[in-house]
1. Being farther than 22 Å from Asp44 by Cα, surrounded by 14 or more Cβ atoms within 10 Å (Cβ to Cβ), of a type in the set (Phe, Trp, Tyr) and touching a Leu at 6+ places or on another chain (Cβ under 8 Å): is that true of Phe230 here?
2. Given (1) over 24 Å from the mean Cα position of the chain (by Cα); (2) open to solvent by 60 Å² or more (accessible area, probe 1.4 Å), where does Leu9 come up short, assuming only one miss?
3. Residues to consider are Arg28, Arg20, Arg43, Arg52; find the one that is more than 30 Å from Pro234 (Cβ to Cβ), under 21 Å from the mean Cα position of the chain (by Cα) and of a type in the set (Lys, Arg).
4. Looking at segment 140-159, I want the residues that are of a type in the set (A, V, I, L, M, F, W, C) and have a partner that is more than 16 Å from the ligand (Cβ to nearest atom) and assigned to a helix (DSSP H, G or I) with Cβ atoms under 8 Å, at least 6 apart or on another chain. Which pairs are those?
5. Pairs, please: C-beta under 7 Å, at least 6 apart or cross-chain, first residue over 21 Å from Ser54 (Cα atoms) and open to solvent by 30 Å² or more (accessible area, probe 1.4 Å) and in segment 89-106, second modelled with pLDDT of 95 or more and within 13 Å of the ligand (Cβ to nearest atom)?
6. Checking Arg113 against (1) assigned to a strand (DSSP E or B); (2) within 11 Å of the ligand (Cβ to nearest atom), which test does it fail?
7. In segment 156-166, is there at least one residue being closer than 19 Å to Gly79 by Cα, among the aliphatic types (A, V, I, L, M) and either surrounded by fewer than 18 Cβ atoms within 10 Å (Cβ to Cβ) or in contact with a strand residue (DSSP E or B) (Cβ under 9 Å, 6 or more places away or on another chain) (or both)?
Amino acid sequence: MPIVRKNNLASIDQLCDKVRQTNSALRREVVDAMTTNETLFFRDVAPFHALRNSILPPLLERRKLLRKLSFWSAAASSGQEAYSLAMMLLEMGLKDWTIDILGTDLSSQMVERARSAKYMQIEVNRGLPAPYLVKYFTRQGLDWAIKDDVRRMVRFEQFDLRQNMKAMGPFDVVFCRNVLIYFDVATKKKILGEIFGTLHRGGHLILGAAETTLNLDDRFTRTPVGDAIFYLVP
Ligand SMILES: C[S@@+](CC[C@H](N)C(=O)[O-])C[C@H]1O[C@@H](n2cnc3c(N)ncnc32)[C@H](O)[C@@H]1O
């Protein structure tokens with residue numbers, strides 16, 4: 001309704017008609033208004049602990065000559081998941097490795113926010129350990145800006161998960177959390193099938209706590225690690 005009012009339209013129906021006539025700015029505005037962008041730094045904590053303590057050590061051993069890793073935060077929202085991962089990798093002493101973290105989201109507004117790497121006080125109060133704030137952020141007026149050594153590990157692009165993923169990857173770890181819940185079964189199957197193809201053999205998918213590959217794509221091996229569940233590409 002705020003978009004209806006802002007554009008001097010009479011109703012949601014009229015807005016739909018207008019969007020169908022390919023007004024792309026208006027279409028973007030509607031997508032941004034319809035998506036739920038809730039996120040926070042180190043959301044759920046358990047997957048990050050499991051990644052650091054159990055999943056990454058054998059991967060680092062396998063890659064010790066190449067010293068290269070790639071990650072995808074596939075519904076990145078305003079970027080906290082991707083930046084949490086980057087900070088965690090720096091804490092693990094991987095500064096000299098070639099690390100590529102791609103963050104993507106359907107919402108171009110969220111992609112812009114993520115690229116800006118600036119967060120409000122209320123956002124850094126959620127999930128971010130205080131020593132990380134001191135070490136990886138600088139104060140900018142009322143906001144906090146992520147430092148360049150973290151920023152340069154992460155890049156953000158607009159991407160709709162319903163698109164073909166042939167050009168994506170290969171990745172070692174894909175985060176696709178708290179977004180599958182919004183799709184019907186056929187779309188979930190399509191997305192999981194495509195993600196499977198973007199992962200290296202031995203790579204891992206991480207879903208949200210309420211999500212699973214069970215009965216959707218049985219090629220993944222469900223692997224509980226502590227309080228987290230990873231989906232392995234065998
Ligand atoms: C609830 S947030 C989850 C953010 C983060 N993954 C987390 O768990 O904290 C869901 C995100 O999915 C994005 N999204 C919704 N539909 C999408 C689609 N078809 N393709 C890509 N991203 C989508 C939304 O814009 C939103 O930023």
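1. No, not satisfied.
2. (2)
3. Every option except Arg28 fails the conditions.
4. Leu142/Gln121; Trp144/Gln121; Trp144/Leu133; Ile146/Tyr136; Val150/Leu90; Val150/Tyr136; Met153/Leu89; Met153/Leu90
5. Final answer for the pair search is Leu106/Asp160.
6. Unmet condition: (1).
7. Yes, there is a match, as at least one residue in segment 156-166 is closer than 19 Å to Gly79 by Cα, among the aliphatic types (A, V, I, L, M) and either surrounded by fewer than 18 Cβ atoms within 10 Å (Cβ to Cβ) or in contact with a strand residue (DSSP E or B) (Cβ under 9 Å, 6 or more places away or on another chain) (or both).
This table checks each residue for (1) open to solvent by 30 Å² or more (accessible area, probe 1.4 Å); (2) closer than 30 Å to Phe230 by Cα; (3) more than 10 Å from the ligand (Cβ to nearest atom).
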{"position": "Gln14", "(1), (2), (3)": "yes, no, yes"}
{"position": "Asp17", "(1), (2), (3)": "yes, no, yes"}
{"position": "Arg20", "(1), (2), (3)": "yes, no, yes"}
{"position": "Leu26", "(1), (2), (3)": "no, no, yes"}
{"position": "Leu40", "(1), (2), (3)": "yes, yes, no"}
{"position": "Val45", "(1), (2), (3)": "yes, yes, yes"}
{"position": "Ala50", "(1), (2), (3)": "no, yes, yes"}
{"position": "Glu61", "(1), (2), (3)": "yes, yes, yes"}
{"position": "Lys64", "(1), (2), (3)": "yes, yes, yes"}
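The values are calculated or read from the model by the stated rules, or taken from the named source; none is laboratory data. Since the model is a prediction, treat every value here as computed from it, not as a measurement. Ideal geometry is used to build each Cβ from the backbone, glycine not excepted, and the neighbour counts take in all protein chains shown. Note: areas computed on protein heavy atoms with side chains; ligands, DNA, RNA excluded. Shrake-Rupley method; radii C 1.70, N 1.55, O 1.52, S 1.80 Å.
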